[in-house]
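No lab work stands behind these numbers, since they all come straight from the coordinates. Keep in mind the model is a prediction, meaning the values are calculated, not measured.
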Amino acid sequence: MAINIRNAVIQNVTGNSREELEDTIVDAVQSGEELMLPGLGVLFEIIWQNASENDKKEMLQRLAGGLAK
C-alpha cells in the first residue's frame, strides 16, 4: 500500500487557521522527531511555490546563515 505523503499532509492542514498552521510547524520543529521531517518538507514546498523571487532569495539567505552557525 503506497502512501502519498504530500497529499496526506495537505489534507491534514487544509482549512487550518494561521494559528493552527503555526502550532503544527512549532510542534514538528520542537519535537525533533524525524517522522515529522517529510511533512515540514511538504509545507516548505508550498511556501516555496508561492513565494516571490525576493522571498526566495531571503529564505536562501536565512538558510545559508543558519547553516553557517
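Structure data summary
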read-out: At 1.306 mPa s and 10 °C, Stokes D of the chain from Kirkwood alpha-carbon radius, µm² per second; value: 118
read-out: Helix-only [θ]222 nm of the chain, DSSP H runs n ≥ 4, -39500 (n - 2.57) each, per residue, nearest 500; value: -24000 deg cm²/dmol
